[in-house]
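The values are calculated or read from the model by the stated rules, or taken from the named source; none is laboratory data. Computed from a predicted model, the values in this text were never measured in an experiment. All Cβ positions, even for glycine, are placed from backbone atoms using ideal geometry, and neighbour counts span all protein chains on display. Side chains included, ligands, DNA and RNA excluded: accessible areas come from the protein's heavy atoms. Shrake-Rupley method; radii C 1.70, N 1.55, O 1.52, S 1.80 Å.
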Amino acid sequence: ILWKPFGFSRRLLQVARSHPSESVSLSALTRRSLVPRLRKARSIFWLGQRQGFSAMPEIEASVRDTELFSPPSEVRGMTELDRTAFKKTVSIPVLKVRKEVVNRLMRALKRVALQRPGIKRVIEDPDDGDTRLIMLDPFKMLTVDSFEKAELGVLEELAVNPQLSEYNLELTYENFKSEEILRAVLPEGQDVTSGFSRVGHIAHLNLRDHQLPFKHLIGQVMIDKNPGITSAVNKTSNIDNTYRNFQMEVLSGEENMLTKVRENNYTYEFDFSKVYWNPRLSTEHGRITELLNPGDVLFDVFAGVGPFAIPAARKNCTVFANDLNPESHKWLLHNCKLNKVDQKVKVFNMDGKDFLQGPVREELMLRLGPSTEAKPSIHIVMNLPAKAIEFLSVFKSLLDGQPCSSERLPTVHCYCFSKDANPAKDACQQAGAVLGISLEAGSSVHFVRNVAPNKEMLCITFQIPAATLYGNRALSLGEQVLQTGACVLWENFEEPSLKRQRTDDSFSEPQITSNS
């Protein structure tokens with residue numbers, strides 16, 4: 001509007017924007033630089049400010065000040081939060097209306113109404129008790145032409161003059177968003193932390209080095225700006241691969257780490273400082289649960305406090321859940337009772353390898369044995385992405401006896417990290433290398449989340465091949481025969497055959513064929 005009819009250049013507006021005052025008005029910059037030229041143009045008029053509320057010519061609002069809702073520049077570098085330093089006065093467009101039409105009009109103007117924390121969008125007119133002022137978003141309402149056709153139709157129907165006016169609005173700390181506060185405080189150009197993981201009443205941050213001098217201020221801002229948050233903590237070390245927890249520092253608020261969370265309609269209680277919990281995995285927990293059918297069997301090797309085990313048990317699956325961390329084991333038992341599934345979950349406190357070679361092996365031997373009855377599907381979840389791939393070696397030659405049919409073989413859901421340019425292929429190669437087979441044709445890889453730049457968390461799902469799970473069967477039987485000295489004819493085995501040479505008194509050492 002300004003540029004074309006009056007020939008004003010983009011450069012003129014940019015220069016005007018580059019020196020905003022602390023009391024910023026949408027019209028102040030225009031007054032200084034453009035008004036003298038506008039006065040020469042026909043049909044342009046100017047009205048002075050009056051009692052903080054004045055007529056605002058539509059033409060002025062076209063100057064868009066990006067600093068309008070930024071806190072005062074004096075807060076830059078603040079390390080101890082001083083809420084009183086965030087006072088600032090700005091000028092915003094308002095619409096003057098009769099009080100009896102406010103409710104109906106607000107529904108029509110929802111798109112352009114001002115949305116600021118702690119700010120009422122409708123206030124009393126200081127000059128007229130029978131009218132109200134509707135505060136409008138200065139970035140959406142530049143002129144009367146910014147109203148959409150439907151909005152103008154409602155204004156006309158209610159006999160409301162669409163002319164915009166100006167109102168001086170005082171902003172305080174309560175009216176700024178957390179991101180705006182931190183962007184104003186931290187060194188200019190630095191990354192701003194406005195996001196965090198919420199764990200019950202705890203805000204879990206992962207601050208970078210340049211943010212550490214401001215850590216206590218950041219923690220307090222997170223508490224102030226997020227209802228229900230009473231404690232802010234920062235991770236001070238990487239996750240301990242043994243117990244899957246990490247060292248943390250309380251930045252602000254209470255030091256109570258006992259918390260309660262709701263995820264996918266289940267309740268979990270735990271001490272956040274002693275167990276592993278990641279709210280960003282809630283979708284993944286739900287995805288695995290959807291793969292299960294009632295009656296299925298789930299082995300959860302690294303169960304934590306139960307986000308896989310408990311939903312599966314509520315779905316009438318038989319669940320065997322294990323965790324090495326004594327604290328996780330304690331809270332897993334507690335949460336099973338809390339969610340009323342303690343009779344459906346068998347809980348173990350063992351190393352993952354011992355759990356697989358002990359309870360899992362015993363249960364698989366029972367459930368995969370010969371039977372004419374329909375058998376439930378068996379799933380093994382291994383959610384320890386930093387190390388779970390290494391545990392796959394336990395499945396090599398885990399079982400003895402006649403192999404079961406392929407459709408009854410256990411399905412593994414194994415989590416891992418990848419920094420490779422092709423993370424899905426990398427996940428297959430990682431798992432295949434440990435198992436000694438190729439998984440690229442017989443597996444699927446699901447992207448879970450981006451953990452860090454160029455680092456992905458993935459879940460590779462596959463059925464354990466019978467040749468892997470029962471790989472030592474023929475050899476172990478052959479060794480038993482050799483030990484007894486008996487003469488047995490070996491033939492018709494699905495596994496690699498053994499060639500034996502008979503001597504007068506005994507067999508010689510078995511030789512494995514090229515099919516092995």
> If L81 satisfies every condition in (1) in contact with a helix residue (DSSP H, G or I) (Cβ under 8 Å, 6 or more places away or on another chain); (2) in a helix (DSSP H, G or I) but one, which is the exception?
Replying inline: (2)
>> Tally up the residues in the range 89-118 that are in contact (Cβ under 8 Å) with a residue 40 or more places away in the chain, open to solvent by 30 Å² or more (accessible area, probe 1.4 Å) and not in a helix (DSSP H, G or I), please.
In response: 6
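I'd like to check something: does the range 139-154 contain any residue that is within 30 Å of E80 (Cα to Cα), of a type in the set (K, R) and in contact (Cβ under 8 Å) with a residue 24 or more places away in the chain? Steps first, please.
Step one: list which residues in the range 139-154 are within 30 Å of E80 (Cα to Cα), which gives none.
Scanning the range 139-154, I find no residue that is within 30 Å of E80 (Cα to Cα), of a type in the set (K, R) and in contact (Cβ under 8 Å) with a residue 24 or more places away in the chain, so the answer is no.
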> Among the candidates L133, L142, which residue alone is at pLDDT 95 or above and either of a type in the set (A, V, I, L, M, F, W, C) or part of a helix (DSSP H, G or I) (or both)?
Replying inline: L133
> Which pairs do you get when a residue that is in contact (Cβ under 8 Å) with a residue 24 or more places away in the chain and of a type in the set (A, V, I, L, M, F, W, C), found in the range 68-82, comes within reach of a residue that is open to solvent by 70 Å² or more (accessible area, probe 1.4 Å) and in a loop (DSSP other than H, G, I, E, B), reach meaning Cβ atoms under 8 angstrom, with the pair 6+ apart or on two chains?
Replying inline: none
>> Restricting to the range 260-282, name every residue that is surrounded by fewer than 18 Cβ atoms within 10 Å (Cβ to Cβ) and either out of contact with any helix residue (DSSP H, G or I) (no Cβ under 9 Å at 6 or more places or on another chain) or not hydroxyl-bearing (S, T, Y) (or both).
In response: K260, R262, E263, N264, N265, E269, D271, K274, P279, R280, S282
> Inside the range 283-390, counting only strands (runs of 3 or more DSSP E) that do not spill past its ends, which hold 2 or more residues that are basic (K, R) and surrounded by 15 or more Cβ atoms within 10 Å (Cβ to Cβ)?
Replying inline: none
> If you scan the range 274-302, which residues turn out to be in contact (Cβ under 8 Å) with a residue 40 or more places away in the chain and small (G, A, S)?
Replying inline: G295
> Hey, among I223, I218, which residue is more than 23 Å from S73 (Cβ to Cβ) and modelled with pLDDT of 90 or more?
Replying inline: I223
>> Within the range 444-458, does at least one residue satisfy the condition of being under 30 Å from A374 (Cα atoms), under 36 Å from the mean Cα position of the chain (by Cα) and either modelled with pLDDT under 95 or not hydroxyl-bearing (S, T, Y) (or both)?
In response: yes
